1. Quick check: is even one residue across segment 68-76 assigned to a helix (DSSP H, G or I), at pLDDT below 95 and more than 30 Å from Ala196 (Cα to Cα)?
2. Quick check on segment 158-187: of everything there that is among the charged types (D, E, K, R) and open to solvent by 60 Å² or more (accessible area, probe 1.4 Å), which residue is nearest to the chain's Cα centre (by Cα)?
3. Let me confirm something: among Ala181, Ala151, which residue is closer than 22 Å to Ala32 by Cα and either out of contact with any helix residue (DSSP H, G or I) (no Cβ under 6 Å at 6 or more places or on another chain) or not polar (S, T, N, Q) (or both)?
4. If you check Ile39 against the conditions, is it closer than 25 Å to Ala113 by Cβ, outside any helix (DSSP H, G or I) and open to solvent by less than 70 Å² (accessible area, probe 1.4 Å)?
5. Answer yes or no: is there a residue in segment 79-96 that is part of a helix (DSSP H, G or I) and within 13 Å of the chain's Cα centre (by Cα).
6. Would you be able to say whether some residue in segment 142-150 is open to solvent by 30 Å² or more (accessible area, probe 1.4 Å) and of a type in the set (D, E, K, R)?
7. Across segment 51-92, which residue is least open to solvent (accessible area, probe 1.4 Å) among those that are of a type in the set (D, E, K, R) and farther than 20 Å from Ile167 by Cβ?
8. Looking only at segment 14-47, which residues are touching a strand residue (DSSP E or B) at 6+ places or on another chain (Cβ under 9 Å) and of a type in the set (Gly, Ala, Ser)?
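The values are calculated or read from the model by the stated rules, or taken from the named source; none is laboratory data. Small disclaimer: the values here were computed from a predicted structure and weren't measured. Cβ placement follows ideal geometry from the backbone for every residue including glycine, while neighbour counts extend to all protein chains displayed. Please note that ligands, DNA and RNA were not included when accessible areas were found on the heavy atoms of the full protein model with its side chains. Shrake-Rupley method; radii C 1.70, N 1.55, O 1.52, S 1.80 Å.
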Amino acid sequence: MSSASEQRPRPFRLGLTGGIGSGKSTVAQMLADLGAAVIDADALSRASTAAGGAAIPAILEAFGAQALDPSGAMNRAFIRELAFADPAAKAKLEAIIHPIVRSQAELALAEAAAKGQWVVQDVPLLVESGRWRGALSAVLVIDCEEATQMARVQARSGLTAAQVRGIMASQASRAQRLAAADHVIYNEGLSLQALATEVQQLVSALGFHQDAARQGL
């Protein structure tokens, strides 16, 4: 006989993505405020490489003591340079971190299912990875003009235009993201209130609202 947990349906999973500076993180918070369980792949990755994180022993073994900073966290500057210079090192790092992130995301999904919540999986490289689409119920892309991305990122980070262009070039193009989208929010010239209204309208169209966050589709 199957247990109750085995019989419980998996929650609706909305994949959320967008280029740097698109406003994706702002939308993720708005969705959380409307009752979604937001699973942030970047946050899980950062936690795994923080001091005491699950990936630290394997990173130390694979790359040596120079791969850690004085606090015991991953030395991001060292690893960034290494991964940029050596694709094999980048693949080795991903082979360490990605299974940990997947495992922790699955735990978060199980918790959401137990609570009857719907899920937003915030995945910056959703389109680039090629492996997420089949696991998701739908994909939401936060879109804006590339010039707007440049301006937003420079204003908040102090990066040069060349540095921002380099980051954007490493991500999927707007056309590739839009081609993968089931839903798009065009975050161009919107106030926070107007953006929140767009998000609320999408959530309502999907069949969710704040007072029914524990109901599925």
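1. If we filter segment 68-76 for residues that are assigned to a helix (DSSP H, G or I), which is where we start, we get 76.
Right, trim to at pLDDT below 95 and you get 76.
Those still in the list that are more than 30 Å from Ala196 (Cα to Cα) too: 76.
Yes.
2. Only one residue tops the list, namely Asp182.
3. Values: Ala151 fails: closer than 22 Å to Ala32 by Cα.
Of the residues listed, the single one that is closer than 22 Å to Ala32 by Cα and either out of contact with any helix residue (DSSP H, G or I) (no Cβ under 6 Å at 6 or more places or on another chain) or not polar (S, T, N, Q) (or both) is Ala181.
4. Against the criterion (closer than 25 Å to Ala113 by Cβ, outside any helix (DSSP H, G or I) and open to solvent by less than 70 Å² (accessible area, probe 1.4 Å)), Ile39 qualifies.
5. So the first thing to find is which residues in segment 79-96 are part of a helix (DSSP H, G or I), and the list is 79-85, 87-96.
Add one more test, that the residue is within 13 Å of the chain's Cα centre (by Cα), and what stays is none.
So far as segment 79-96 goes, no, none of its residues is part of a helix (DSSP H, G or I) and within 13 Å of the chain's Cα centre (by Cα).
6. yes
7. Asp69
8. Correct list: Gly15, Gly18, Gly19, Ser22, Gly23, Ser25, Ala28, Ala32, Ala36, Ala37, Ala41, Ala43.
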